[in-house]
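Here the structure is laid out as structure tokens; the discussion comes afterwards.
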Amino acid sequence: MRPILLNPGPVSLSEGVRSAVARVDLCHRETEYFDVQDAVIAGLLEVYGCARQTWAAILVGGSGTTAMEAMLASLLPSQSHLLVIENGIYGQRLSRIADIHALGHEAMQLDWGAGIDLRELAGLLGSGRFSHVATVHHETTTGRLNDVAAIAGLCERHGVSLLLDSVSAFGAEAVPFDSAAVMAVATSANKCLHGIPGLAIVLCRQSALDAAPPARSLTLHLPDWASHQQRRSTPYTPPVNAVLALAQALRELREQGGWEARRTHYRKLAGQVAATLKSLGVEPWLPAAESSCVLRSYRLPQGMDYNALHAGLKQRGFIIYGGQGGLLEQLFRLSTMGEISAYDMARLQQALRAVIAGS
């Protein structure tokens with residue numbers, strides 16, 4: 001029996017997606033590949049009803065971090081000044097990307113897992129120092145779901161553009177594409193979309209592509225990728241099998257009712273996990289109302305370290321994730337993304353009881 005992945009990506013795959021990965025051998029310079037590429041681009045725009053006249057969905061080989069780097073490096077003008085909101089490791093990663101590309105920036109630094117103080121943010125934006133904001137939608141360091149709709153509203157009020165890392169939220173949480181402030185959204189195929197690793201994605205306003213500065217990278221320059229893809233081409237070899245998998249995953253997302261239905265499903269599973277853990281005396285690290293539907297963090301069971309918890313669950317066919325950095329000895333993380341059946345959930349609940357309570 002295959003292990004069930006409860007880590008924040010990659011995810012357990014459906015049989016349809018698993019079959020699509022190796023369904024056919026395609027040359028990336030042939031019509032058959034470009035038909036699939038076109039279908040994936042159209043399917044990504046369809047997830048949130050983004051109009052093709054306004055938005056471009058751009059595929060780049062790489063991880064979610066690749067999407068984050070391509071977004072910042074490709075779109076920020078040299079005279080821009082970026083405010084990065086940091087309340088976890090992925091916010092810090094956005095700052096690191098800005099450092100590497102010598103992009104003018106400051107950080108709004110918060111404790112990992114802390115909510116974003118919207119009054120403080122409003123004051124920073126009201127100072128007039130910033131042209132752009134970059135933030136993480138779902139900070140998987142802790143499972144914190146940041147209020148990106150409110151952040152977009154503040155950016156819109158102050159004439160600031162928003163670049164959003166929605167790598168672990170796109171496809172299962174609301175994304176404020178209707179806000180004029182939202183300039184670009186980075187994501188990945190192997191999270192809430194249920195594809196396989198290797199395909200980075202950026203949804204970007206066409207106007208931002210048109211105004212993009214000269215290339216800062218040969219292989220991550222989004223206008224280059226977008227220009228080729230819009231004319232049924234590709235500048236470099238894409239991850240063909242990841243594109244095939246995502247085409248099938250997007251079909252399944254549509255058939256299952258879209259992102260809102262997926263959010264409802266994730267919330268149901270997360271609630272079942274939380275109830276089981278509560279019955280075992282395990283408390284959430286963040287309240288459910290402040291957490292995403294995708295992943296939640298929990299305090300380690302009393303008298304048990306993460307290694308023992310991980311080993312016990314892995315032995316029973318489930319892979320969880322530990323805390324990062326200073327949180328390693330405080331919490332564990334459990335995601336309900338991917339192909340997880342009612343039978344899998346029942347087995348997980350049984351495994352949690354066996355490992356934590358010995359029953």
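A few comments on the model shown:
- Extension gain from Leu118 to Arg96, taking 0.36 nm per residue of separation minus the Cα-Cα distance: 5.6 nm
- Summed side-chain charge close to Ile356 - residues other than Ile356 whose Cβ falls under 13 Å, Lys, Arg +1, Asp, Glu -1: +2
- For Ala107, the residues 5 or more places off, or on other chains, whose built amide H falls under 5 Å of its own are Val84.
- For segment 1-90, trypsin sites (Lys or Arg not before Pro) meeting the loop criterion (DSSP other than H, G, I, E, B) and having at most 13 other Cβ atoms within 10 Å: Arg29, Arg52.
- Extension gain from Ala22 to Thr219, taking 0.36 nm per residue of separation minus the Cα-Cα distance: 68.4 nm
- For the chain, the 222 nm mean residue ellipticity estimated from helices alone, with every DSSP H stretch of n ≥ 4 adding -39500 (n - 2.57) and the total spread over all residues, rounds to -12000 deg cm²/dmol.
- Overall form of segment 119-261 per C-alpha gyration tensor (a/c, 1.5; a/b vs b/c): oblate
- In terms of its alpha-carbon gyration tensor, segment 1-137 comes out prolate; a/c meets the 1.5 threshold, and the first ratio a/b outweighs b/c.
- Segment 33-120, accessible area per residue, ligands and nucleic acids excluded (1.4 Å, Å²): 39
- Relative contact order, percent, segment 93-217 [alpha-carbon distance under 8 Å, six or more residues apart]: 18
- Measuring nothing but protein heavy atoms, the accessible surface of the chain at 1.4 Å probe radius is 49 percent carbon and sulfur.
- Contour excess over end-to-end distance, with Cα ends at Ala342 and Thr54 and 0.36 nm allotted per residue: 99.7 nm
- For segment 295-314 and segment 235-278, distance of Cα centres in Å: 25
- The local environment of Arg93, defined by Cβ-Cβ distances under 14 Å, has a net charge of -4 under the rule Lys, Arg +1 and Asp, Glu -1.
- Area accessible to solvent at Thr264, 1.4 Å probe radius, in Å²: 90
- Rounded to the nearest 20 debye, dipole of the chain from Cβ charges on Lys, Arg, Asp, Glu: 680
- Remark: segment 309-315, residue by residue, has Karplus-estimated 3J(HN,Hα) of 5, 4, 5, x, 6, 4, 4 Hz, where x stands for each Gly or Pro and the curve is 6.51 cos²θ - 1.76 cosθ + 1.60 at θ = phi - 60°.
- Net +/- balance of residues flanking Glu69 in space, Cβ distance below 14 Å, scoring K and R +1, D and E -1: +1
- Spin-label pair Arg254-Ala275: with each label point 7 Å from Cα along the Cα-Cβ axis, the two points sit 3.4 nm from one another.
- Neighbour-limited loop hits for trypsin sites (Lys or Arg not before Pro), segment 147-252 (at most 10 other Cβ within 10 Å; DSSP other than H, G, I, E, B): Arg231
- Backbone geometry of segment 126-135 corresponds, through the Karplus equation with coefficients 6.51, -1.76 and 1.60 at θ = phi - 60°, to 3J(HN,Hα) couplings of x, 5, x, 7, 10, 9, 9, 10, 10, 8 Hz, x marking Gly and Pro.
- Magnitude of the charge dipole for segment 220-318, about its Cα centre and with charges confined to Cβ atoms of Lys, Arg (+1) and Asp, Glu (-1), is about 240 debye.
- Global geometry of the chain, whether rounded, prolate or oblate, following the gyration tensor of its Cα atoms and the 1.5 cut on a/c: oblate
- Cα-centre dipole for segment 107-215 with unit charges at Cβ (Lys and Arg positive, Asp and Glu negative), debye to 20: 140
- Segment 1-102 - percent relative contact order, Cα under 8 Å, separation 6 or more: 13
The values are calculated or read from the model by the stated rules, or taken from the named source; none is laboratory data. Computed from a predicted model, the values in this text were never measured in an experiment. With ideal geometry, Cβ positions are generated from the backbone for all residues, glycine too; neighbour counts draw on all protein chains shown. These area figures cover heavy atoms from the full protein model, side chains too; ligands, DNA and RNA do not enter into them. Shrake-Rupley method; radii C 1.70, N 1.55, O 1.52, S 1.80 Å.
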